[in-house]
Amino acid sequence: MSNEMQELLPGGSVRWVLSKEERQSIAESLDIEEHTFSKLKGNIMTRTREACQECGKLSGLDDFIQNAMEMGVHSRDFIIDVLHHGPQAASPAHGLQCSKCGEHFEGVWAWETEDWAQ
Ligand SMILES: [Zn+2]
């Protein structure tokens, strides 16, 4: 169901509406100012958010960014570009780790390739 944390979109995808806390955490991970991605309402995913079984944090874009930076799978510039335009390519569904406690969220995760800022 839609609420202030997520919005169900036509076609079955889900916009994870960025919270204030997530914006701060993303800005910190990437060492950028929050206003530089103020147009981004939220990332568009193939499934709804889940709470971390360990600490209760809701899965968020901040987790994907922290995971990507930690594993070195994407450059900082690449991730910043995604914040502005959304992902340019599909990704295979993959695991996701909680950025707060390190626990793995259950299942696999994938995003929709469309302009997230729209
Ligand atoms: Zn956690």
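Here, each number is a calculation from the coordinates, and none is a lab measurement. As the structure is a computational prediction, the values presented were derived from the model and not from experiment. Every residue, glycine among them, receives a Cβ derived from its backbone with ideal geometry; neighbour counts consider all protein chains shown.
Just a few scattered comments:
- Size of electric dipole in the stretch 38-84: Cβ of Lys, Arg +1 and of Asp, Glu -1, about Cα centre, debye, nearest 20: 260
- The shape of the stretch 31-118 comes out prolate: with a ≥ b ≥ c from the C-alpha gyration tensor, a/c is at least 1.5 and a/b beats b/c.
- Cβ-defined net charge surrounding ASN43, 14 Å radius [Lys, Arg +1; Asp, Glu -1]: -2
- FRET efficiency for the pair SER13 and GLU33, taken as 1/(1 + (r/R0)^6) with r the Cβ-Cβ distance and R0 = 22 Å, rounds to 0.20.
- Within a straight-line Cα-Cα reach of under 20 Å, LYS41 can be paired with the following lysines, leaving aside sequence neighbours fewer than 8 residues apart in one chain: LYS20, LYS57.
- If you take all other residues with their beta carbon under 12 Å from the beta carbon of ILE65, and give Lys and Arg +1 and Asp and Glu -1, the sum is -4.
- Approximate spin-label separation PHE78-ASN3, in nm, with each point projected 7 Å along Cα-to-Cβ: 3.4
- Full extension of the chain between MET69 and GLU106 yields a length gain of 11.3 nm, computed as 0.36 nm times the residue separation minus the alpha carbon distance.
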